[in-house]
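Enquirer: Please see the structure below; I have some questions.
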Amino acid sequence: MAREAVIVGVGDVPLKDGKVVGGGSVLQVQARAAKAALDNAGIPMRDVDGLLVAGLWGVPGPGQLPSVTLGEYLGIFPRFADTTNIGGSAFEAHVAHAAMAIEKGYCDVALIVYGSTQKSERSRTLGGRPPVLTMQFENVWGIPQPVGGYAMAARRHMHEFGTTEEQLAEIAVATRKWASLNPDATMRDPISIDDVMASTRISDPLKLLDCCLVTDGAGAIVMTTAENAKAHGSRPIHIRGYGEAHTHWSIGAMPDLARLTAAEMASKRAFDMAGVSHDAIDLVECYDSFTITVLMTLEALGFCKPGEGGAFVSGQRTAPGGAFPLNTNGGGLSYCHPGMYGIFLLVEAVRQLRGEAGDRQVDNVQTALVHGTGGTLSSGATVILANN
Amino acid sequence: MSDTATYEKPQPVIDPGTKPFWDAARAHRLSMPKCRACGQHHFYPRELCPHCHSDDLEWTDVSGKGEVYSYTIARKPAGPVFAADVPYVIAMIALDEGPRMLTNIVTKDVEQVRIGDRVTVRFDDVTPELTLPKFTLDKD
Ligand SMILES: [Zn+2]
């Protein structure tokens, strides 16, 4: 029988006020998340023979070869490594790559890990990309990175389709409602559309509450064969389809500022592979670096037509109790955003598919779509997951 | 004009592939590669045409005219060196020759910028070695 790759474990580390509880270096927090995911899977670390890592840590230095460093730190000798870094969507791509490696027999147990201690280290900056190579044509103008590029996309979307700042605010408000149900979320107090509109202007038309948080965080995913999952008694989550794409990094090279081309390409492939329609998706977890990211992603994934995202999210449609449950852990906007957020989309989707999401559990979730976005609306990777 | 040592904002690390652009800017010309195979300009400068992937390229001066494709008003600076400029406009200009380029729009009233506004290049000699092509609104 053909090998089927499945997800068997997810893990993260507890956060308090956006910082890792108990502190720790970026290697320590990744080790804790990895152990949590392996314990969740019921699989020992010594069985891990595939390691997939992307990060922003230890550069220059040990982070230049992140899987090699992390493998050493964890005391394992992987025979499959993937350090694909396409931004915050890297982990959705890692699931696809691990699935192919497992199904081909290139590895048996794959561990995907991410961690960041940027908040504890106060290491996040808005202007910090060196003006070399392609970026010599960006940084000299004082563009706040990455918010300035997203702001220009939002402005163009408003120009072409009449999208409003209030419609973007709907997303921030709905996501905060989900966060209020998540004890690990950094920001849990309810907010209103007026609060979003009145929040500090950052880079017009985006305001503070349109922007993701800056927090610590670490997460991990364990994948293996369906057969091995059975042998370990762990509950498998099936991978029905996946796809990835990237189009640019420099915002000046984005093909169309009002359309998320990478998400269109990635999700089309994932839907084709899964052989399911949009109606079959019970839950969506999509990257919310900024409110505009979500709106453009929903259009690109095909849940509404181009330009209709504003109307689609209106009336708190994506909030708890709404018709379209979205970013149910509180997202990067209100739960956590440790630099590259995509792994937490997967962790939440698996918890929802297993019925382990506590107060924020959505009823009858059988199929979930996860979509990561990386860079400055640069890359996209989609995974469609199912619990049966 | 500042001297090179006292201009504190990011300065491009000019490389052989980009030197013709920055040299032209110092001479107050806006120059970019044009493809002899497909006839299209592109920006930023590359070794192969990003449209048809030909290597048959030539540097050509462009008009320095275009329109605002999108923009943002920075209310928070991209680091302390831009703090004194807030609020300032970062814009993506669709040049009449086709390519889009990121730049600043220099205007007394940042609130009046709109997508579709006509713009014209102006050259800011920020140091003896560096000139930045910025744009002004034709309606200003
Ligand atoms: Zn060409």
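The values are calculated or read from the model by the stated rules, or taken from the named source; none is laboratory data. These figures come from a predicted structure and were not determined experimentally. Positions of Cβ are backbone-derived with ideal geometry, glycine not excepted, and every protein chain shown enters the neighbour counts.
Enquirer: Restricting the search to the stretch A:301-322, which residues are of a type in the set (Gly, Ala, Ser) and either modelled with pLDDT under 95 or in contact with a Pro (Cβ under 8 Å, 6 or more places away or on another chain) (or both)?
Expert: Start the filter on the stretch A:301-322 by keeping residues that are of a type in the set (Gly, Ala, Ser), which leaves A:302, A:307, A:309-311, A:314-315, A:319, A:321-322.
Of everything in the stretch A:301-322, nothing turns out to be of a type in the set (Gly, Ala, Ser) and either modelled with pLDDT under 95 or in contact with a Pro (Cβ under 8 Å, 6 or more places away or on another chain) (or both).
Enquirer: Can I ask one more? Among the residues of the stretch B:107-125, write down those that are away from chain A (no Cβ under 11 Å) and not in a strand (DSSP E or B).
Expert: Kept after step one, since they are away from chain A (no Cβ under 11 Å), are these residues of the stretch B:107-125: B:107-109, B:112, B:117-123, B:125.
The answer is B:107, B:108, B:109, B:112, B:117.
Enquirer: Among the residues of the stretch B:17-51, what is the count of those that are near the ligand (Cβ under 9 Å from one of its atoms) and surrounded by 19 or more Cβ atoms within 10 Å (Cβ to Cβ)?
Expert: Filtering the stretch B:17-51 down to residues near the ligand (Cβ under 9 Å from one of its atoms) leaves B:34-40, B:42, B:48-51.
Now narrow it down to the ones that are surrounded by 19 or more Cβ atoms within 10 Å (Cβ to Cβ): B:34-35, B:42, B:49.
Counting residues in the stretch B:17-51 that are near the ligand (Cβ under 9 Å from one of its atoms) and surrounded by 19 or more Cβ atoms within 10 Å (Cβ to Cβ) gives 4.
Enquirer: What number of residues in the stretch A:28-67 are part of a helix (DSSP H, G or I) and within 23 Å of the chain's Cα centre (by Cα)? Before the answer, list the steps.
Expert: Here is the first cut: in the stretch A:28-67, the residues part of a helix (DSSP H, G or I) are A:28-41, A:45-47, A:62-64, A:66-67.
Those left that are additionally within 23 Å of the chain's Cα centre (by Cα): A:28-41, A:63-64, A:66-67.
Matching residues across the stretch A:28-67 total 18.
Enquirer: Which one of A:140, A:147 is modelled with pLDDT of 95 or more, within 21 Å of residue A:253 (Cβ to Cβ) and crowded, with 22+ Cβ neighbours inside 10 Å?
Expert: Values: A:140 fails: crowded, with 22+ Cβ neighbours inside 10 Å.
Exactly one of A:140, A:147 is modelled with pLDDT of 95 or more, within 21 Å of residue A:253 (Cβ to Cβ) and crowded, with 22+ Cβ neighbours inside 10 Å, namely A:147.
Enquirer: Within the bounds of the stretch B:59-70, is there any residue that is within 16 Å of the ligand (Cβ to nearest atom), in contact with a strand residue (DSSP E or B) (Cβ under 6 Å, 6 or more places away or on another chain) and of a type in the set (Ser, Thr, Tyr)?
Expert: Yes, the stretch B:59-70 contains a residue that is within 16 Å of the ligand (Cβ to nearest atom), in contact with a strand residue (DSSP E or B) (Cβ under 6 Å, 6 or more places away or on another chain) and of a type in the set (Ser, Thr, Tyr).
Enquirer: List, please: which pairs have Cβ atoms under 8 Å, are six or more places apart or on different chains, and start with a residue in the stretch A:371-388 that is within 17 Å of residue A:100 (Cα to Cα) and end with one that is among the acidic types (Asp, Glu) and buried (at least 24 other Cβ atoms within 10 Å of the Cβ)?
Expert: Qualifying pairs under 8 Å: A:381/A:92; A:381/A:244; A:382/A:92; A:382/A:244; A:383/A:92.
Enquirer: Ok, one more. Taking residue A:145 as the residue in question, decide whether it is under 24 Å from the mean Cα position of the chain (by Cα) and within 14 Å of another protein chain (Cβ to nearest Cβ).
Expert: So residue A:145 passes the test.
Enquirer: Can you run down the residue pairs with Cβ atoms below 8 Å, 6 or more apart or on separate chains, where the first is in the stretch B:108-123 and touching a residue at least 60 places away in the same chain (Cβ under 8 Å) and the partner is part of a loop (DSSP other than H, G, I, E, B) and of a type outside the set (S, T, N, Q)?
Expert: Close Cβ pairs (under 8 Å, with a partner that is part of a loop (DSSP other than H, G, I, E, B) and of a type outside the set (S, T, N, Q)) amount to B:121/B:30; B:121/B:64; B:123/B:28.
Enquirer: Take the residues in the stretch B:126-140 that are aliphatic (A, V, I, L, M) and part of a loop (DSSP other than H, G, I, E, B); name whichever of them is surrounded by the most Cβ atoms within 10 Å (Cβ to Cβ).
Expert: Step one: of the stretch B:126-140, the residues aliphatic (A, V, I, L, M) are B:126, B:130, B:132, B:137.
Those left that are additionally part of a loop (DSSP other than H, G, I, E, B): B:126, B:130.
Working: B:126: 17, B:130: 20.
Ranking the candidates gives B:130 first.
Enquirer: For residues that are under 19 Å from residue A:136 (Cβ atoms) and either in a loop (DSSP other than H, G, I, E, B) or touching a Leu at 6+ places or on another chain (Cβ under 7 Å) (or both), tally how many sit in the stretch B:37-61.
Expert: Residues meeting the conditions: 8.
Enquirer: Specify the residue that is farthest from the other protein chains (Cβ to nearest Cβ); the eligible residues are those in the stretch A:179-206 that are farther than 29 Å from residue A:14 by Cα and hydrophobic (A, V, I, L, M, F, W, C).
Expert: If we take residues in the stretch A:179-206 being farther than 29 Å from residue A:14 by Cα and hydrophobic (A, V, I, L, M, F, W, C), then A:193 is farthest from the other protein chains (Cβ to nearest Cβ).
Enquirer: With respect to residue A:86, is the statement that it is buried (at least 20 other Cβ atoms within 10 Å of the Cβ) and over 16 Å from the mean Cα position of the chain (by Cα) true?
Expert: Details: buried (at least 20 other Cβ atoms within 10 Å of the Cβ): yes; over 16 Å from the mean Cα position of the chain (by Cα): no.
When the stated conditions are applied, residue A:86 does not pass them.
Enquirer: Which one of these is away from chain A (no Cβ under 11 Å), more than 15 Å from residue B:124 (Cβ to Cβ) and not in a strand (DSSP E or B): B:15, B:23? Let's see the steps before the verdict.
Expert: Numbers: B:15 fails: away from chain A (no Cβ under 11 Å).
Testing whether each residue is away from chain A (no Cβ under 11 Å), more than 15 Å from residue B:124 (Cβ to Cβ) and not in a strand (DSSP E or B) leaves just B:23.
Enquirer: Moving to a separate point now. Any residue in the stretch A:218-231 that is surrounded by 24 or more Cβ atoms within 10 Å (Cβ to Cβ) and over 25 Å from residue A:38 (Cβ atoms)?
Expert: No, every residue in the stretch A:218-231 fails to be surrounded by 24 or more Cβ atoms within 10 Å (Cβ to Cβ) and over 25 Å from residue A:38 (Cβ atoms).
Enquirer: Tell me which residues, restricted to the stretch A:231-256, are more than 12 Å from chain B (Cβ to nearest Cβ) and not hydrophobic (A, V, I, L, M, F, W, C).
Expert: Filtering the stretch A:231-256 for residues more than 12 Å from chain B (Cβ to nearest Cβ) gives A:231-246.
Across the stretch A:231-256, the qualifying residues are A:232, A:233, A:234, A:235, A:236, A:238, A:240, A:241, A:242, A:243, A:244, A:246.
Enquirer: Oh, and also: For residue A:197, indicate whether it is surrounded by fewer than 17 Cβ atoms within 10 Å (Cβ to Cβ) and farther than 24 Å from residue A:344 by Cα.
Expert: Values: surrounded by fewer than 17 Cβ atoms within 10 Å (Cβ to Cβ): yes; farther than 24 Å from residue A:344 by Cα: yes.
Considered against the rule, which asks whether it is surrounded by fewer than 17 Cβ atoms within 10 Å (Cβ to Cβ) and farther than 24 Å from residue A:344 by Cα, residue A:197 comes out as yes.
Enquirer: Considering the stretch A:227-267 alone, what residues qualify as being of a type in the set (Lys, Arg) and more than 24 Å from residue A:102 (Cβ to Cβ)?
Expert: At the first step, the residues of the stretch A:227-267 found to be of a type in the set (Lys, Arg) are A:230, A:235, A:240, A:259.
Correct list: A:259 only.
Enquirer: Under 6 Å between Cβ atoms, which residue pairs at least 6 apart in sequence (or on different chains) link something in the stretch B:43-63 that is free of Cβ contacts under 8 Å to residues at least 24 places away in the same chain with a partner that is near the ligand (Cβ under 8 Å from one of its atoms) and assigned to a strand (DSSP E or B)?
Expert: B:49/B:35; B:54/B:35
Enquirer: Answer yes or no: is there a residue in the stretch A:118-132 that is under 15 Å from residue A:252 (Cα atoms), touching an Asp or Glu at 6+ places or on another chain (Cβ under 8 Å) and surrounded by 20 or more Cβ atoms within 10 Å (Cβ to Cβ).
Expert: Initially, the stretch A:118-132 is screened for residues under 15 Å from residue A:252 (Cα atoms), giving A:131.
After this cut, where a residue has to be touching an Asp or Glu at 6+ places or on another chain (Cβ under 8 Å) as well, the list is A:131.
Now restrict to residues that are surrounded by 20 or more Cβ atoms within 10 Å (Cβ to Cβ): none.
For the stretch A:118-132, residues under 15 Å from residue A:252 (Cα atoms), touching an Asp or Glu at 6+ places or on another chain (Cβ under 8 Å) and surrounded by 20 or more Cβ atoms within 10 Å (Cβ to Cβ): absent.
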